[in-house]
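The structure appears below as structure tokens.
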Amino acid sequence: MHTKESAYIINEIVGTSTKSWEDAARLAVETAAKSVEDIRVGEVVKQDVTVENGKVINYRVRLNISFKYHVELSPVHIG
């Protein structure tokens, strides 16, 4: 059986939402996907909220996203 080898890059992003942590994570990944190709995994590493006058006003998530490394797009191979 032949397995294809690959490498992945991991970046940290933060998403916010006034609705929920799930919505914050979804919005963060969808926003990142507009400029990052081939996102494979999003891992929530931290959740918190911002509070004003005793009420939660924002849900925030910190995610590690991983995406496939494409050699042909690497700056080393451009030019």
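The values are calculated or read from the model by the stated rules, or taken from the named source; none is laboratory data. Note that the coordinates shown come from a computational prediction; the quantities given were computed from them, not determined experimentally. A quick note on method: Cβ atoms are made from the backbone with ideal geometry, for glycine too, and the neighbour counts reach across all protein chains shown.
What pairs come out if I take residues in the stretch 41-62 that are closer than 14 Å to residue 29 by Cβ and pair them with residues that are among the aromatic types (Phe, Trp, Tyr) whose C-beta lies under 6 Å away, six or more apart or interchain?
61/21
If you take the residues in the stretch 27-64 that are surrounded by 15 or more Cβ atoms within 10 Å (Cβ to Cβ) and among the basic types (Lys, Arg), which one is farthest from the chain's Cα centre (by Cα)?
Here the residue is 60.
Within the stretch 38-61, track down each residue that is farther than 12 Å from residue 13 by Cα and out of contact with any Lys or Arg (no Cβ under 8 Å at 6 or more places or on another chain).
Hits for the stretch 38-61 are 39, 41, 51, 52, 53, 54, 55, 56, 57, 58.
Conditions tested, residue by residue: (1) touching a His at 6+ places or on another chain (Cβ under 7 Å); (2) among the aliphatic types (A, V, I, L, M); (3) modelled with pLDDT under 95.
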{"site": "3", "(1), (2), (3)": "no, no, yes"}
{"site": "14", "(1), (2), (3)": "no, yes, no"}
{"site": "18", "(1), (2), (3)": "no, no, no"}
{"site": "28", "(1), (2), (3)": "no, yes, no"}
{"site": "43", "(1), (2), (3)": "no, no, no"}
{"site": "56", "(1), (2), (3)": "no, yes, no"}
{"site": "66", "(1), (2), (3)": "no, no, yes"}
{"site": "77", "(1), (2), (3)": "no, no, yes"}
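Name the residues in the stretch 17-26 that are surrounded by fewer than 16 Cβ atoms within 10 Å (Cβ to Cβ) and of a type in the set (Ser, Thr, Tyr), would you?
Pass one, the stretch 17-26, residues surrounded by fewer than 16 Cβ atoms within 10 Å (Cβ to Cβ): 18-20, 22-23.
Residues satisfying the conditions are 18, 20.
Checking residue 72 against (1) at pLDDT below 85; (2) surrounded by 10 or more Cβ atoms within 10 Å (Cβ to Cβ); (3) of a type in the set (D, E, K, R), which test does it fail?
Single failed check for residue 72: (2).
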